[in-house]
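Working notes for the structure below.
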Amino acid sequence: MNSQQLKTLVSVVRRHSTANKSVSSAIPELKLSSFSAPTEMTALIYDPCLCFVAQGGKEVVLADEAYRMDEGQFLLVSVDLPVDARVIEASSSKPYFGLQISLDPRVVGDLLADGSTVSTTGPSERGLAVTLVQPQLLDAVSRLVALLDAPQDIGPLGPLVLREITHRVLTGPQGMRLRQIALAGAPAYRIAQAIRWLKDHFADPLRIESLAEQVGLSVSSFHLHFKSVTAMTPLQYQKRIRLQEARSLMLGERLDAAEAGFRVGYESPSQFSREYRRMFGAPPRQDVDAVLSATS
């Protein structure tokens, strides 16, 4: 890895980030993060993306699996996944700097229109992995972030560099994880379809047999590949999406717990409060009040 290139990347991220926040940038697909101290675990949902650590360290937890990223490493997320994440290495003298680049499934599909195939036997790959960044990928990421210093170039050059980044990921060590969810017919592609349905219809009752039939898998195969990709059962996945959406509603729209629970598909307020506490460590109102006071 080119240490000088990494230092240059850190300096650009420092200029365009906001202290102790994760913020959007002038490039819609690019978010920047800067923290001067470790952070608490935060529940969030990753869309397909590449998360890169330029300086410091970060931990992402999927179900009960912990993934650590140090500087010069990136996390590939190939499907929508509810996770917990925190910065674990940061200080005022050496802050954490990270970036997140969204991956467009249409670009992935376009790049794969080359007759690529994926085996339909055996379990699907997990939809998340940590890898040391390859020189060509680091170069492309650095050029994307450098466009922030030349706003007039973002429009014409941004899509080209984003396409190159996607190509570098697809042809790199973790390319199969991205490949499998974009090639029609592969079990992981069918799971990606199911995940999109669950994300769009999280408040609806979940009927496994119906969803498995909808994506063209047997119930047993659906369970096997869903767990392989997400580390969760479909019901666990739906529950996490529901609870994180309810938390967002209480924080953003100031809904009470009963209304938020009802909006995300819970019929029983007591069940909602019980499952919410199990996930976030405190009853809904107590948790929301703590988050609001911490950010005020």
Worksheet item: Being aliphatic (A, V, I, L, M), in the same structural domain as Arg163 (by TED's automatic domain parsing) and in contact with a Pro (Cβ under 7 Å, 6 or more places away or on another chain), is that true of even one residue in region 68-79?
Response: yes
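In region 11-70, which strands (runs of 3 or more DSSP E) lie fully inside it and hold 2 or more residues that are surrounded by fewer than 21 Cβ atoms within 10 Å (Cβ to Cβ) and modelled with pLDDT of 95 or more?
Because the criterion is at least 2 residues that are surrounded by fewer than 21 Cβ atoms within 10 Å (Cβ to Cβ) and modelled with pLDDT of 95 or more, the strands (runs of 3 or more DSSP E) in region 11-70 that meet it are 21-24, 57-62, 65-70.
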Discussion item. On the basis of being among the β-branched types (Val, Ile, Thr) and either touching a strand residue (DSSP E or B) at 6+ places or on another chain (Cβ under 8 Å) or modelled with pLDDT under 90 (or both), does Val169 make the cut?
Written reply: yes
Worksheet item: Taking the condition at pLDDT 95 or above, in a helix (DSSP H, G or I) and either surrounded by fewer than 16 Cβ atoms within 10 Å (Cβ to Cβ) or not aromatic (Phe, Trp, Tyr) (or both), does Leu235 pass?
Response: yes
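Could you check, for region 121-139, whether at least one of its residues is under 22 Å from Val23 (Cα atoms) and either loosely packed, with under 14 Cβ neighbours inside 10 Å or touching a residue at least 60 places away in the same chain (Cβ under 8 Å) (or both)?
Yes: region 121-139 contains one or more residues that are under 22 Å from Val23 (Cα atoms) and either loosely packed, with under 14 Cβ neighbours inside 10 Å or touching a residue at least 60 places away in the same chain (Cβ under 8 Å) (or both).
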Fill in: Residue that is modelled with the highest pLDDT [pool: residues in region 174-191 that are of a type in the set (A, V, I, L, M, F, W, C) and buried (at least 23 other Cβ atoms within 10 Å of the Cβ)]
Ile191
Discussion item. Among the listed residues Arg242, Arg263, identify the single one that is in contact with a Leu (Cβ under 9 Å, 6 or more places away or on another chain) and basic (Lys, Arg).
Written reply: Arg263
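Taking the options Ala260, Ala192, name whichever one is among the aliphatic types (A, V, I, L, M) and touching a residue at least 60 places away in the same chain (Cβ under 8 Å).
Working: Ala260 fails: touching a residue at least 60 places away in the same chain (Cβ under 8 Å).
Result: Ala192 is the single residue among Ala260, Ala192 that is among the aliphatic types (A, V, I, L, M) and touching a residue at least 60 places away in the same chain (Cβ under 8 Å).
Pick from Ser228, Ser270, Ser248: which is over 24 Å from the mean Cα position of the chain (by Cα) and either in a helix (DSSP H, G or I) or surrounded by fewer than 20 Cβ atoms within 10 Å (Cβ to Cβ) (or both)?
Going through Ser228, Ser270, Ser248 in turn, just one is over 24 Å from the mean Cα position of the chain (by Cα) and either in a helix (DSSP H, G or I) or surrounded by fewer than 20 Cβ atoms within 10 Å (Cβ to Cβ) (or both): Ser270.
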Practice prompt. Take the residues in region 280-296 that are touching a residue at least 12 places away in the same chain (Cβ under 8 Å) and surrounded by fewer than 16 Cβ atoms within 10 Å (Cβ to Cβ), then tell me which one is farthest from Leu206 (Cα to Cα).
Written response: Leu292
Discussion item. So if I check each of Ala203, Ala184, Ala212, which one is part of a loop (DSSP other than H, G, I, E, B) and closer than 20 Å to Arg126 by Cα?
Written reply: Ala184
Worksheet entry | Qualifying positions in region 145-181 - over 27 Å from Ser25 (Cα atoms) and touching a helix residue (DSSP H, G or I) at 6+ places or on another chain (Cβ under 8 Å) | Arg179, Gln180, Ile181
Discussion item. I'm trying to understand the selection: among the residues of region 192-213, which are surrounded by 13 or more Cβ atoms within 10 Å (Cβ to Cβ) and over 25 Å from the mean Cα position of the chain (by Cα)?
Written reply: Glu213
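The values are calculated or read from the model by the stated rules, or taken from the named source; none is laboratory data. None of these values were measured; they are calculated from a predicted model. A quick note on method: Cβ atoms are made from the backbone with ideal geometry, for glycine too, and the neighbour counts reach across all protein chains shown.
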